[in-house]
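So the structure is just underneath, and the comments pick up after that.
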Amino acid sequence: MIKGVLIRQRGKMLLIAFTIALGASLATSMINVMLDVGDKVAQELKTYGANIVVKPQDSTLLADIYDVEDGGEAIASAYLNEDEVGRIKTIFWAFNIVDFSPFITSSVSLPSGAEATAVGTWFNHHLDLPTGESLDAGVVSLRSWWDILEGAWIDEQNPEDAHTVMVGTLLAQQEGLHAGDTLKLTGKAAVEEVTVAGIFDAGGDEDMEIYAPLDMVQRLSDTEGKIASIEVSALTTPDNDLARRAAQNPRALSSKDYETWYCTAYVSAICYQITEVITGSVASAVRQVADSEGAILDKTQLLMILITALSLIGSALGISNLVTASVMERSQEIGLLKAIGAHDRAITGVFMAEILLTALVGGVAGYFMGFGFAQLIGHSVFSSAIEMKPLVIPVVAVLITLVTVAGSMPAIRMVLRLDPAEVLHGSKA
Amino acid sequence: MTRRKMFLRMITASLLRRRSRMLVALLSIGIGATILSGLVTIYYDVPRQMGAQFRSYGANMILVPEEGSMTEEQAQQALESIPAAQVIGAAPYRYVNVQMVRSQLSFVAAGTDFTQVQATSPYFSVEGSYPSGVRQVLLGKEIAQTIGAKLNSVIEITYRPSEASASGGKAAPGATLVGSAEGFSTYPVYVTYTLDQDMKISNLTVNVDTQTAEYGGRCADELYLKRFLGRDYPFTGDESTDVLSGATITSKAIMEAIAGAEVTENVTAATGNTMSMQVTGILDTGGKEESYIFMSLDDMAALTGQPQVYDVMEMSVSASAEELDSFKTAIEERHLGITPRLVKRITNSETAVLSKLQALVFLVTAVVLVLTMICVSTTMMAVVTERRKEIGLRKALGASDDSIRVEFLGEGMFLGALGGILGSLLGFGFAQIVSVNVFGSSITFQPLLLPLTIVVSMLISALSCLWPIKRAVQIDPALVLKGE
């Protein structure tokens, strides 16, 4: 009987299945996008640069306070060890560490006699980790807002670039430097003959500085194997009350809270874990980046949740509306079934079976359509796939079943209550 | 009865008589229109609202004087080039080097307007509160740790015009010497003393605020310090200046500091202005601000004895990258002696992320709209298909195909218009809820959206009626009426 209906009423059933498929695809794609949007946007926000800075515990006096009085000789006497930098990638939240780079600064004199700050760092340093992973870390991605006006970034994996530097645009103007020029840098401990690989415009204080490979600045200032700070860019969860309490003093938390905090990607938890692996270090959140990121992520997620809710309500109403209409339309059939003696329950069963079968077909088709839509959004907006969470399948299934049942039951009840004679006569619909 | 009257009567009668079916159709169009107007409103408002959120990253434009410093008037004139509504905050800064009286350490002091700072740098995390009265400072966390200052402690700051604070002078009678050394758990201790006529140590003071009060703190005691007075310069320790029991590390550090002290200036050259200030807040930013002392511009003027001038003006402007560029050019063209600079890190990143977010909302809106519209039209199709019998009857009574089409289309469009109006209102309500919940501000009503929503709903309902009507009209009325 059900089969008969499905085949005879092909057109109408197809229409219902199609609508349900649309609703299901909408639900699938929106829920998936909503669940993934946090990660995706967090990845985008990485363009703002590092959100964690690691410094030696003892350097409570920043070099820039003393620049004024002592002519640029950094007071920070304590350093971190360069060979420990890779350990950042071995902490509990290693997967969330997007990028990092060590820094050391030294003042050098240029051929013209002028003094400049030379910043030694990694550009695209290749690291092989004890975990077997390997990655490229450095300022090329950590300073994504820099414009390279002339030349190109230093390529550390190219041995020819070992004696090259990048010069800030203001300093280059002042000294009349261009990409390809050679110049002599005189440091505290050594003299280096270098080539200008590129001129950058950073729109900040860096425009007056020289960026050079880490080992070169270490040689210039006689600080081999030492670094002054590490900048880390990590994907974090926006801070909440627990994170704020933990930031004050992790030891004051109860052991359960401590565990929750330690195992959540709060910026304070990641800082704490970095401090654990790097000897004599203090890791602190760069509030300008970390706090803003949290605010923006929260807002984006909330926005997506509300849009998803609207589209879910919309498609639910749309589907139940159509199902109701299709039942009402078949009131004559119901009347006929009643007239030849069918029980109410039997009629309801047959109708529900029909509609649910249609919904199943529509729902499965809709899931795959939704998959497509989600990937379309992922690729065109973020150029990466949206992760399809298996959790979404039961959620959509329950949603569609509820909506179809809620849409058809009242309609079937209403028609059943009518007098079969009247319905068949067609005077009342 | 004219034709038109009859037409209207037929439509209204049909709508009224078949209330439940029409309600289904109206509801479906209404839902579609709600989603349309709601999402489009959000789509238009998101860049503005999100842009405001991105301002929490801080200043995206700074004004620097071409040379020297700028006056308040100059800065005001530059600000006029930007519409006031778009300026979220404009915080002036004046930087000078100051010295702590007790420790003789030099720091950078920044004079600013704290109300504006809270607008331009919302990420400042202050323990305690921003200064609100005179002689109050906001202390960077690093300085607080270095000098051992706490909330509500009072610090003394000296400002000397730059030429008077030359260091590394020659030790001569009357010279002041300062020294420091690492004490307990590497926290520094500071000493200050002067040389008398016979080059002997006098007026010795020590700062051991960073040490534990019960142990190292006792080294500040005069009885202990007395043993150093009258000693020869350069100082070398002997048995009589032995360590203080219970404060071994600190007292050793003090001896080291006295021995290593250097001349800061000749007493006769000291023309500094000293002020005592109360620490009302400690600033934690994770950035270089942690090593500054912030105070109000009035206090700064009082300390330096100079009129209120600015070294830099940080501005947070809610605008796109192009707009910012045009503001920059506008300020440059006025030749005020001020150079505007964009904070590249903020502006570039903001443009990149915002355009992604906008693309996201656009695509989501597009997908939801397309799917919803198809949903609406399937419902409309079902509603019209159901009325094939009525069409058959009309045809049997002699109605022309055209009149039937016109009537049904008219009905559909009437429903469309009604649903559109309903939907625009509901949609605006929805967008308002989203905006208030997510961004905490109300949304601007887009007047253009009302006619757009109505026209689109009418179009969709008319289009989705077309096909079933066409089918119904083609069929032989006898067959339709028989119910085949």
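The values are calculated or read from the model by the stated rules, or taken from the named source; none is laboratory data. Because the structure is a prediction, the values reported are computed rather than measured. Here the Cβ is made from the backbone with ideal geometry for all residues, glycine too, and neighbour counts use every protein chain on show. Note: areas computed on protein heavy atoms with side chains; ligands, DNA, RNA excluded. Shrake-Rupley method; radii C 1.70, N 1.55, O 1.52, S 1.80 Å.
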- Task: Might you let me know whether region A:284-294 holds any residue that is among the aliphatic types (A, V, I, L, M) and surrounded by fewer than 21 Cβ atoms within 10 Å (Cβ to Cβ)?
- Result: no
- The condition from (1) in a strand (DSSP E or B); (2) within 12 Å of B:MET315 (Cα to Cα) that B:ARG55 misses is numbered (1)
- Task: State the number of residues belonging to region A:126-154 that are surrounded by 15 or more Cβ atoms within 10 Å (Cβ to Cβ) and without any contact (Cβ under 8 Å) to a residue 40 or more places away in the chain.
- Result: 4
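Within region B:345-357, does at least one residue satisfy the condition of being within 30 Å of B:VAL456 (Cβ to Cβ), more than 8 Å from every other protein chain (Cβ to nearest Cβ) and part of a helix (DSSP H, G or I)? So that I can check it myself, show each step before the final result.
Residues of region B:345-357 that are within 30 Å of B:VAL456 (Cβ to Cβ), as a first pass: B:354-357.
Narrowing the set further to residues that are more than 8 Å from every other protein chain (Cβ to nearest Cβ) leaves B:354-355.
Among the residues that remain, those that are also part of a helix (DSSP H, G or I) are: B:354-355.
Yes, the conditions are met somewhere in region B:345-357.
Give me the strands (runs of 3 or more DSSP E) completely within region A:105-154, filtered to those with at least 1 residues that are under 22 Å from A:ASP222 (Cα atoms), ordered by residue number. Steps first, please.
On the way: elements: A:115-121, A:125-128, A:134-137, A:147-151.
Because the criterion is at least 1 residues that are under 22 Å from A:ASP222 (Cα atoms), the strands (runs of 3 or more DSSP E) in region A:105-154 that meet it are A:115-121, A:125-128.
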- In region B:269-283, is there at least one residue being touching an Asp or Glu at 6+ places or on another chain (Cβ under 8 Å), modelled with pLDDT of 80 or more, closer than 25 Å to B:ILE157 by Cα and within 14 Å of another protein chain (Cβ to nearest Cβ)? yes
- Message: The conditions are (1) surrounded by 20 or more Cβ atoms within 10 Å (Cβ to Cβ); (2) within 10 Å of chain A (Cβ to nearest Cβ), and B:VAL312 fails exactly one of them. Which is it?
- Response: (2)
- Identify the single condition in (1) of a type outside the set (A, V, I, L, M, F, W, C); (2) surrounded by fewer than 16 Cβ atoms within 10 Å (Cβ to Cβ); (3) modelled with pLDDT under 75 that B:LYS150 does not satisfy, given that it satisfies every other one. (3)
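Which ranges mark the helices (runs of 4 or more DSSP H) fully within region B:365-484 that have 3 or more residues being surrounded by 21 or more Cβ atoms within 10 Å (Cβ to Cβ) and within 47 Å of the chain's Cα centre (by Cα)?
Values: elements: B:388-397, B:401-439, B:449-474, B:477-482.
The qualifying helices (runs of 4 or more DSSP H) are B:401-439, B:449-474.
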- Message: Restricting to region A:233-272, and then to whatever is assigned to a helix (DSSP H, G or I) and among the polar types (S, T, N, Q), can you tell me which residue is most open to solvent (accessible area, probe 1.4 Å)?
- Response: A:GLN248
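Condition first: aliphatic (A, V, I, L, M), open to solvent by 10 Å² or more (accessible area, probe 1.4 Å) and within 10 Å of chain B (Cβ to nearest Cβ). Now tell me which residues in region A:18-36 satisfy that. Please lay out each step first, then the result.
Within region A:18-36, the first condition is being aliphatic (A, V, I, L, M), and the residues that meet it are A:20-22, A:24, A:26-27, A:30-31, A:33-35.
Imposing the further condition that a residue be open to solvent by 10 Å² or more (accessible area, probe 1.4 Å) reduces the set to A:31, A:34-35.
Answer for region A:18-36, where residues must be aliphatic (A, V, I, L, M), open to solvent by 10 Å² or more (accessible area, probe 1.4 Å) and within 10 Å of chain B (Cβ to nearest Cβ): just A:MET34.
Let's see how each residue does on (1) of a type in the set (Val, Ile, Thr); (2) modelled with pLDDT of 85 or more:
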{"position": "A:GLN43", "(1), (2)": "no, no"}
{"position": "A:LEU61", "(1), (2)": "no, no"}
{"position": "A:GLY71", "(1), (2)": "no, no"}
{"position": "A:ALA74", "(1), (2)": "no, no"}
{"position": "A:VAL85", "(1), (2)": "yes, yes"}
{"position": "A:ILE88", "(1), (2)": "yes, yes"}
{"position": "A:ASP99", "(1), (2)": "no, yes"}
- Message: As an exercise: evaluate A:GLY198 against (1) touching a strand residue (DSSP E or B) at 6+ places or on another chain (Cβ under 6 Å); (2) open to solvent by 40 Å² or more (accessible area, probe 1.4 Å); (3) closer than 16 Å to A:PHE123 by Cα and give the number of the one condition it does not meet.
- Response: (2)
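Is it the case that region B:262-270 has a residue that's assigned to a helix (DSSP H, G or I) and charged (D, E, K, R)?
Initial filter on region B:262-270 (assigned to a helix (DSSP H, G or I)): B:267-269.
Keeping just the survivors that are charged (D, E, K, R) gives none.
Within region B:262-270 (the criterion being assigned to a helix (DSSP H, G or I) and charged (D, E, K, R)), the answer is no, since none of the residues qualifies.
Can you find a residue that is of a type in the set (A, V, I, L, M) and under 17 Å from B:LEU466 (Cβ atoms) anywhere in region B:387-400?
We begin by selecting, within region B:387-400, every residue of a type in the set (A, V, I, L, M); these are B:391, B:393, B:396-397, B:399.
Narrowing further to those that are under 17 Å from B:LEU466 (Cβ atoms): B:391.
Yes, region B:387-400 has at least one match.
Between B:SER377, B:SER403, B:SER464, which is within 14 Å of chain A (Cβ to nearest Cβ), of a type in the set (Ser, Thr, Tyr) and out of contact with any Gly (no Cβ under 8 Å at 6 or more places or on another chain)? Write out each step before concluding.
Numbers: B:SER403 fails: within 14 Å of chain A (Cβ to nearest Cβ); B:SER464 fails: out of contact with any Gly (no Cβ under 8 Å at 6 or more places or on another chain).
Just one listed residue meets the conditions, B:SER377.
Among what's in region B:274-329 and is of a type in the set (D, E, K, R) and part of a strand (DSSP E or B), pick the residue that is nearest to the chain's Cα centre (by Cα). Please lay out each step first, then the result.
Taking region B:274-329 and keeping what is of a type in the set (D, E, K, R), we get B:284, B:288-290, B:298-299, B:311, B:314, B:322-323, B:325, B:328.
Retained after the next criterion (residues that are part of a strand (DSSP E or B)): B:284, B:314.
Working: B:ASP284: 16, B:GLU314: 13 Å.
That would be B:GLU314.
Before we move on, is B:VAL137 more than 14 Å from chain A (Cβ to nearest Cβ), over 19 Å from B:ASN60 (Cβ atoms), open to solvent by less than 10 Å² (accessible area, probe 1.4 Å) and in a strand (DSSP E or B)?
Working: more than 14 Å from chain A (Cβ to nearest Cβ): yes; over 19 Å from B:ASN60 (Cβ atoms): yes; open to solvent by less than 10 Å² (accessible area, probe 1.4 Å): yes; in a strand (DSSP E or B): yes.
Considered against the rule, which asks whether it is more than 14 Å from chain A (Cβ to nearest Cβ), over 19 Å from B:ASN60 (Cβ atoms), open to solvent by less than 10 Å² (accessible area, probe 1.4 Å) and in a strand (DSSP E or B), B:VAL137 comes out as yes.
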- Query: Which pairs do you get when a residue that is touching a residue at least 60 places away in the same chain (Cβ under 8 Å) and in the same structural domain as B:ILE421 (by TED's automatic domain parsing), found in region B:431-447, comes within reach of a residue that is surrounded by fewer than 19 Cβ atoms within 10 Å (Cβ to Cβ) and among the small types (Gly, Ala, Ser), reach meaning Cβ atoms under 8 angstrom, with the pair 6+ apart or on two chains?
  - Reply: B:SER435/B:SER441; B:SER435/B:SER442; B:PHE439/B:ALA52; B:SER441/B:ALA52
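Under the condition of being assigned to a helix (DSSP H, G or I) and closer than 24 Å to B:GLY286 by Cα, which residue from region A:40-58 is most open to solvent (accessible area, probe 1.4 Å)? Steps first, please.
Going residue by residue through region A:40-58, those that are assigned to a helix (DSSP H, G or I) are A:40-48.
Going one step further and asking which of them are closer than 24 Å to B:GLY286 by Cα, we end up with A:41-48.
On the way: A:VAL41: 3, A:ALA42: 6, A:GLN43: 95, A:GLU44: 33, A:LEU45: 0, A:LYS46: 19, A:THR47: 36, A:TYR48: 1 Å².
Taking the candidates together, the pick is A:GLN43.
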